[in-house]
Each structure stands twice: as structure tokens, then as C-alpha cells.
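Readers should treat all values here as calculations from the given coordinates under stated rules, not as data from a laboratory. Keep in mind the model is a prediction, meaning the values are calculated, not measured. No Cβ is skipped: glycine too gets one built from the backbone with ideal geometry, and neighbour counts run over all protein chains shown.
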Amino acid sequence: MAKKGDWVRIHSVVLPAGERAAAVPEDTQRVPLELWTKGYLRQDANLGDEVRVVTRTGRTEHGTLVDDAPHYEHSFGDFAPELQRAGDDAFRLLFGGED
Amino acid sequence: MPKDNGYEAVMARKGDIVRSAVGVDYAQFESGSIAFDYEAMMRSTGYSLKDAIEIQRGYAVGSTPLIELKNITALVRKIAKDGYGARIFIKDEAANPSGSFKVRRAATSIFHAKRTGYPGALAATSGNYGAAVASCCAKSGLKCIVVQECYDSRGIGQPEIIEKARKCESLGAEVVQLSVGPELFYTVLRMLEDTGYFNASLYSAFGVIGIETLGWEVAHQCWEQIGKDPDVVVCTNAGGGNLTGTARGLLKAGSQAQVVAASVNLKGLHMASDTQFNKKSFTTGHTGFGMPFSTWPDRSDVPRSAARPLRYMDRYVTVGQGEVFYTTELLARLEGIERGPAGNTSLAAAISLAQELPESATVVVQETEYTGAGKHGCAQLSFARQNGIAVFLGDPKDEVPGESIVIPAHPGLLRAKDADLGHMRRSLIRHAASTVGHAPTDGDITFLAAETKTNEAFVKEALKA
């Protein structure tokens, strides 16, 4: 249960599939134009509920509650051996040294 | 009666919405035919280059270091023929408050928005410009909304764009994220109408004059550090504002440097395709924006774009995604400078171009960008692998956008490829001619020669074909 005043993330559909702009490629035509934003929840709610939030700029937005206290998880990724090898090789080519 | 906020109705109000959100009536610059008065539009901001420098100083923007990349130059000389290998310098734009050159265009825009009484500013961008606008809004006490194209229909977001969202939020902005599609503009128009915010368009004159200071600084720093003009200045090209502003600043400083555009080659990938969106590792600085915005600048979110790169471009080269990741690694390993990959597109091109020039020549790369989680070679290559892209060491000429990323197995394999600038110039001329129902006037022909950095004979020849 998310509480009124919680910082949450909501999702909505701006344009349903089939109502996309004419110039959009076929694969994109088949899917909706979706929107995500964050704001302070206006009433207690559960994930999946239709809710209203007040965003940081004071706008009211409607949508489906998808996250309570959203946070970031993007990272530096996995080890990329090709990059390390390329860097090591270039270093040796310039400054010398053993393989 | 409530306003009709349907797609067609909002798009039909586009002209009025943009006019009040930029505060410029573009009709005053029009001739009624193809030509319009570009210089009058640039002057209409009321801000001179000196004003832009002062404004930017107020946001702690600019005066970034110009760094000689002595070790990368030495590496280039090892692989170039005898006597060749120009000195390479890089303008460390990551040193700006928001971590990229983009804050130069944000500073002039947001200063103007504040001065003219807008309550906030909105920027439509998945790039570094969002953080730039957020940074200046924070300093100016304005509210800020950044609208990003971020996710595919699986809800999977580009790590680089997600990092930019994080940075915008850290600087106080509201971030609105959308799935793939050009109808982002519809959402932007609705928000501009609802909020009354300033449209901090990447393509308004307010933004592009802000980049003139970058070209101006490059020229002055070269005179100070090497006692002469740079021979070549390489600019990463997407929407065209970076190259346009830099070239204008160089010209205002009296520099005769050759201006080269560089983009990441994403040939074959459709930018509005849901299934191809996450097949690329570069979200900007690529041919998917660089080519169409060069050959038709007025596809932007203002009626007349201030970013008109073919007016200033002497050459256009492309590099592969793997070549840019490799260059990013070289900058870290040989120069001790870790920066974001996308900002190194022009450096990758410079490593190739420097090999064509004598040792006495100078090539300036006019930007770097910040790096961090998501905006990093390892993050991008991991994401590429997760999306079915093959990543390997080899010959970059084997790279197929959307299928593979080839990291050069040797620096000698890194090779910028020339795009057909003549073809692009002719394309712009013919498209312009197709927008009016009559033969181009003499004024149009003079205008198109300036638009394409050619002459009237070239324009007439292109129109015949």
C-alpha cells in the first residue's frame, strides 16, 4: 500500500495502438505511445490502481501506479573484455612492454 | 467549451503554441517564398556574442580547457605515413556544470526565459541538453520539465537515457518519459500549452547563439597555445546546432578553420522504430539525426531552425559505434581522461583525419561529455549484447548497425568514412524547391547557395536534375 504523499511513479497511454501518427513505422503503429512520470500521490493506493499525482512542477497527472519510492538501477554494465584488451594493446603499442 | 486535446487538434494549434512558448513570431523573417532572413533571425535574440559570454559566466558555463592529446597524437604518428599525424587537441566541455557543451545553449535560452517572465522551461530531449536546461533552471529559480523518448514497448530503456533522466532529476527537473515515437512532440505541445513554460528548443536562435562562444573560445585558445588558427575543427553532428554555433563562433573570431561534421554511422536503423530503438548504442550524435537534420533543418520543433549545418560544413564523415567506444578507451588509457562515449564521436573522426594531415597541422575536437553509470562503454556494450548485438574485436569496416559492434583490433583500423556532401547539398536544394508551387526566385537561389555553402551555379545545376 502506497500512502498519500508518497513519491511514486505512474504510467499512462497517450495514444493507443492503431491511433499513432501516420508517419510512424509499422512496428511502432502496433504499440501504444506510453508515458511514465513521477509525483506525490494524492490518495492512498495499491500498485495497479488508477491514481492522481502532483508532479515536481505542480502539475496534476493521472495514471496507473507502478512504483512506490522509485529508484535507479542502471549501472556500469558487465565487464567488457574487448575494451580492456584494446586499451592494453594501445598502451603497449605506444609505451612498449610485454604482451 | 473545453479545448480539444486530441492529436489532430493539438497539432493544428502547433504554430500558436510554439509562438507563445518561444516568444518569436517567425513570420517576420519570411520572404513568402523559399528564402528567409536567417541572419535577421539570429540577430533578433538581441544578444551578441559578448552578451552570450557574460550570460554564460553567470551560470559558470564556458572557459573550459583546451587540452593537447599528446599521447593519442603520438599513437597516430606511429600509424600514419612519415611526417604525417596532426596535433590533436580536445575541448573538455565535460567541465561545464551539467557535464557537456549543451549547457551553452541552455544558458542563453534560460536567461532569456527568466528575463521575459516565463514561470518555467520545457526541453524535449533524450540527450545531455536535458541536464543542461535543468542546471540553468536550478540556477535561475525556474521550474523545469524534460521530456524524453526513453523506452521501447517492452518497457526497456536505453541506459544512457535513463542516466540522463537521473541527472535531470538530481538538478530538480520533472522528467516525463515516453516510449518510441515522434508523437513526443504532441505531448510537448500539450504540456507547453498547459504550463505556459518557455520552449527551450534546441533549434531556437537563443540556443544556437550560445554555442558561438565555443567556437570563439577554440580560436582564442589556439592562438594562445599554438600561436595560430586550428586547421580543422571536428564537431559531432546530430541536430546541427553544435556545428552551426561552433562554426559561427570561429568565423566571428576570424578563424578560417575547416569545419568537419562527424556522426556515428547508424545506417539502416529507423529512428522511430519500436523494435530497432534498442539496437543502437548511441542515442544522439548519429546519422539517424545528422543526415535528415542537415538536409532539412526545418523538420525541428520551431518553424525555422537556427541550426543549419550545411551553411558551415566543409566535410562530413562517419565513424562506427565500435570505433567510438575504442576512442573512449584510448582517451582513458593513454591520456588519463575518462569521458562519456557519445561525446567522443568527433575524437574518433579526428584520429582518422589527423593521419591525412602533416605533423605541423592542428585538429581540434570541440567537445567531451561526462561519464557515469549508463553513459559508459561497458554499460552500453552490455546493453547491446542483451539486445542481440554481436560485440567483438576486429576490423570496423565489418560493423553492421543493429547487428554488430566492432572494436578496432588495432588503431590503424580506425577509419572515418566520407559522406557524400554534394548529394546532401543537392537534396536540401531540391527539397526546398518542392515546398513552393513556383520556380525558385533569384532571391531563393542566392539563399540556397548560402544554405549549402555553394554558389548559384551549383544551385541551378541541382534544380535542373
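For peptide B:401-410, the mean count of partner chain Cβ atoms within 10 Å of a residue's Cβ comes to 2.
Dipole size of segment A:7-95 about its Cα centre, with +1 on Lys/Arg Cβ and -1 on Asp/Glu Cβ: approximately 400 debye, rounded to the nearest 20.
Between A:E50 and A:K4, the distance separating the two model label sites (each 7 Å from Cα on the Cα→Cβ line) works out to 2.0 nm.
Computed from backbone phi with θ = phi - 60° and the Karplus coefficients 6.51, -1.76 and 1.60, the 3J(HN,Hα) list for segment B:50-61 is 5, 4, 4, 4, 5, 4, 5, 4, x, 9, 6, 9 Hz; x is used for glycine and proline. With 0.36 nm allotted per residue and the present C-alpha distance subtracted, the B:N5-B:A457 stretch has 157.9 nm of extension available. Residue order for B:Y118, B:Y7, fewest other beta carbons within 10 angstrom first, comes to B:Y7, B:Y118.
Stretching the chain fully between B:Q386 and B:D418 yields a gain of 8.4 nm (0.36 nm per residue, less the alpha carbon separation). The modelled label-to-label distance for the pair B:K252/B:D25, using points 7 Å beyond Cα in the direction of Cβ, is 2.7 nm. Equivalent-ellipsoid semi-axes for the protein assembly as shown (Cα gyration tensor, √(5λ), whole Å, largest first): 36, 30, 23. Cα centroids of segment B:189-237 and segment B:92-151: 13 Å apart.
The string of couplings for segment B:213-224 from the Karplus curve (6.51, -1.76, 1.60, θ = phi - 60°) is 5, 5, x, 4, 5, 4, 4, 5, 5, 5, 4, 5 Hz, one whole number per residue in order, with x for Gly and Pro.
Of the candidates A:T64, A:T28, A:T55, which one comes out as most mobile in a Gaussian network treatment of chain A with C-alpha springs shorter than 10 Å? Comparing A:T64, A:T28, A:T55 in the GNM, the peak value goes to A:T28.
Largest first, the three principal axis extents of the alpha carbons in chain A are 65, 39, 24 Å in whole numbers.
Inter-part distance, segment B:51-72 to segment B:304-319, computed on C-alpha centroids, equals 22 Å. Taking amide H as placed 1.01 Å from N in the peptide plane, the amide H of B:V264 sits under 5 Å from that of B:H286, B:T287, B:V319, each at least 5 places away or on another chain. Placing +1 on the Cβ of every Lys and Arg and -1 on the Cβ of every Asp and Glu, with nothing else charged, gives chain B a dipole about its Cα centre of roughly 280 debye.
Which of the residue pairs A:K38/B:K167; B:K102/B:K167; B:K91/B:K252; B:K280/B:K453; B:K102/B:K139; B:K114/B:K143 have a Cα-Cα distance greater than 20 Å in the structure shown? Violating the 20 Å limit, Cα to Cα: B:K280/B:K453.
Of B:I67, B:I88, the sequence from fewest to most neighbouring Cβ atoms within 10 angstrom is B:I67, B:I88. Converting phi to 3J(HN,Hα) with the Karplus coefficients 6.51, -1.76 and 1.60 and the offset θ = phi - 60°, segment B:23-31 yields x, 10, 8, 5, 4, 5, 9, 7, 9 Hz in sequence order, with x at every glycine or proline. Stokes-Einstein, applied to the Kirkwood radius of segment B:421-464 over Cα pairs at a viscosity of 1.002 mPa s and 20 °C, places its translational diffusion at 213 µm² s⁻¹. In this structure the amide hydrogen of B:A419, modeled in the peptide plane, comes within under 5 Å of the amide hydrogens of B:Y316, B:V317, B:T318, none closer than 5 places in sequence on its chain.
Set the Förster distance to 30 Å, then compute FRET efficiency between B:H431 and B:V400 from the Cβ-Cβ distance, nearest 0.05. FRET efficiency, B:H431 to B:V400: 0.55. Near B:S404, the amide H atoms lying under 5 Å from its own belong to B:A390; only residues 5 or more places off or on other chains count, and H is placed 1.01 Å from N.
Computed from the C-beta positions of B:K267 and B:A361 and an R0 of 25 Å, the FRET efficiency is 0.25 to the nearest 0.05. Per-residue ellipticity at 222 nm, computed for the protein assembly as shown from helices alone with -39500 (n - 2.57) per DSSP H run of at least four residues, works out to -12000 deg cm²/dmol.
Within the shell defined by Cβ-Cβ distances under 13 Å, the residues around B:I145 carry a net charge of 0, with Lys and Arg each +1 and Asp and Glu each -1. Across chain B, the mean sequence separation of Cα contacts (distance under 8 Å, 6 or more residues apart), normalised by length, yields a relative contact order of 19 percent.
Over chain B, the Kirkwood radius and the radius of gyration, each from Cα atoms, give a ratio Rg/Rh of 0.95. Taken as Cα centroids, segment B:374-396 and segment B:404-426 sit 18 Å apart, rounded to the nearest whole angstrom. Can you tell me the FRET efficiency between A:T60 and A:A17 if r is taken as the Cβ-Cβ distance and R0 is 30 Å, rounded to the nearest 0.05? E(calc), rounded to 0.05, equals 0.70. Each Cα pair under 8 Å and six or more residues apart adds its sequence gap; the mean of these over the residue count of segment A:7-95 is a relative contact order of 29 percent. Summary value for segment B:126-194: 37 percent relative contact order, contacts being C-alpha pairs under 8 angstrom separated by 6+ residues.
All Cα-Cα separations within segment B:228-312 were binned at 5 Å from zero, giving a P(r) of 3, 15, 23, 20, 16, 12, 6, 3, 1, 0, each value a whole percent of the pairs.
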